[in-house]
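For reference, the structure is listed below as structure tokens.
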Amino acid sequence: MDELDRAIINHLQGGFPLCDHPYGEVAKQLGCSENDLLVRLEKLLNDKVLTRFGPMYHAERLGGGLSLVAMKIPPDDFERVAGIVNAMPEVAHNYAREHALNMWFVLATETPQGQQEALARIERESGYPVYNMPKIKEYFVELKLRA
């Protein structure tokens, strides 16, 4: 990474403009061209310096459902179940944990009913129960990591 890459990362952690040409606006603020900004963002993503770049949505405010889900999967069946879970577009951030409940993931759906359907599908296809832990209260922790 060079100084412009660091400036891009640091700048974009503070927000993204809502306007007709947001990338052009950010590029102007950073003193580079829009094309250079887009090329660098793509490279940072491809090189895994950034794992994602995009908006964070509040599923519930948009009428959807969001919860943390855990499962207890025997080690010899973990990969099969992870494949089922990870194939679902509603699933994000699936992690193995050293715990009795050894598979944890985030489930976000367009509707609360869609959440129940997705949970039932996971149980049906995996053969294991799911433990749904819907969000009761949200806390905002503004974490910014300076590059």
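Every number in this text was worked out from the coordinates using simple rules, so none of it is lab data. The model shown is predicted, which means the values in this text are computed figures rather than measured ones. Don't worry about glycine lacking a Cβ; one is built from the backbone with ideal geometry, like all the others, and counts go over all protein chains shown.
Some notes on this structure:
- Taking a span of 15 Å or more along the helix axis (Cα atoms) and a mean Kyte-Doolittle hydropathy of at least 0.5 as the rule, no DSSP H helix of the chain qualifies.
- Separation between Cα centres of the range 26-54 and the range 81-147, rounded to whole Å: 29 Å
- For the chain, adding -39500 (n - 2.57) for each run of n ≥ 4 DSSP H residues and dividing by the number of residues yields -11500 deg cm²/dmol at 222 nm.
- Qualifying trypsin sites (Lys or Arg not before Pro) in the range 1-49, where qualification requires a DSSP coil assignment and no more than 16 other C-beta atoms within 10 Å, comprise 48.
- Identified option (computed volume of the Cα convex hull per residue in Å³; candidates [x] 101; [y] 152; [z] 211): [y]
- Lysine pairs in the chain with Cα atoms under 29 Å, if 8 or more residues apart or on separate chains: 8
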